[in-house]
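I have placed the structure first, in the form of structure tokens, so that the comments after it can refer back to it.
The values are calculated or read from the model by the stated rules, or taken from the named source; none is laboratory data. Please read all numbers here as calculations on a predicted model, not as lab measurements. In this analysis, Cβ positions are derived from the backbone assuming ideal geometry, glycine residues included, and neighbour counts consider all displayed protein chains. What goes into the accessible areas is simple: the full protein's heavy atoms, side chains included, and nothing from ligands, DNA or RNA. Shrake-Rupley method; radii C 1.70, N 1.55, O 1.52, S 1.80 Å.
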Amino acid sequence: MDVKRVKDNIYWLYYQYLLITCSYVLEPWEQSMFHTITVTVFAMVVYTAYVFVPIHVRLALEFFSQIFGGQPESSV
């Protein structure tokens, strides 16, 4: 893939982001605050999903395996 095409594609995606969030009408300092808050919230959601989703999936699998006749794990 050509570097110019990748650069144009990234600019196009950023433009779509500005249009969807309507942040293109904000002043520059408002845009920076908006982007900072958006990135922070997104990072917290990704971190929380990375930490807690595997735990809940494992617990759900254990629960359903016990319901549907799986062998209980030994406590020793």
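With all protein chains present, how much of the accessible area of the chain (probe radius 1.4 Å) comes from carbon and sulfur, to the nearest whole percent?
Numbers: 5040 of 7060 Å².
In the chain, the share of accessible area belonging to carbon and sulfur is 71 percent.
Explain nothing, just the number: dipole magnitude of the chain about its Cα centre with +1 on each Lys and Arg Cβ and -1 on each Asp and Glu Cβ, in debye rounded to the nearest 20.
Details: 4 positive and 6 negative charges, 41 e Å.
Once rounded to the nearest 20, the dipole reads 200 debye.
Would you mind checking which residues have amide H under 5 Å from L26's amide H? H placed 1.01 Å from N; only 5 or more apart, or other chain.
Distant-sequence amide H within range of L26: zero hits.
Once you have the Cα-Cα distance between V53 and S65, take 0.36 nm times their residue separation minus that, and quote the gain in nm to one decimal.
Numbers: separation 12, 0.36 × 12 = 4.32 nm, distance 1.81 nm.
Contour length minus the Cα-Cα distance gives 2.5 nm.
Projected onto the charge dipole of the range 3-68 (+1 at Lys/Arg Cβ, -1 at Asp/Glu Cβ, origin at the Cα centre), which of V57, V25, T40 gives the Cα projection farthest towards the positive end?
V57
Using a 1.4 angstrom probe, figure out how much accessible area the range 3-68 has per residue, in square angstrom, rounded to the nearest whole.
Details: 5920 Å² over 66 residues.
Per-residue accessible area for the range 3-68 comes out at 90 Å².
Tell me, what HN-Hα J-couplings in whole Hz come from the Karplus equation 6.51 cos²θ - 1.76 cosθ + 1.60 at θ = phi - 60° for each residue of the range 3-12, using x for Gly and Pro?
5, 5, 5, 5, 4, 4, 5, 5, 4, 5
For an R0 of 22 angstrom, estimate the FRET efficiency from the Cβ-Cβ distance between Q16 and I37 and round to the nearest 0.05. Could the numbers behind the result be given before it?
Values: r = 19 Å, r/R0 = 0.88.
The value I calculate is 0.70.
How big is the chain by the Kirkwood estimate over distinct Cα pairs, in Å? Walk me through the numbers on the way to the answer.
Numbers: mean 1/r = 0.0595 Å⁻¹.
Averaging 1/r across every pair of different Cα atoms and inverting gives 16.8 Å.
Got a sec to turn the phi values of the range 42-59 into Karplus ³J(HN,Hα) couplings, 6.51 cos²θ - 1.76 cosθ + 1.60 with θ = phi - 60°, whole Hz, x for Gly and Pro?
Values per residue, Gly and Pro as x: 4, 5, 5, 5, 5, 4, 4, 5, 5, 7, 9, 4, x, 5, 5, 5, 4, 5 Hz.
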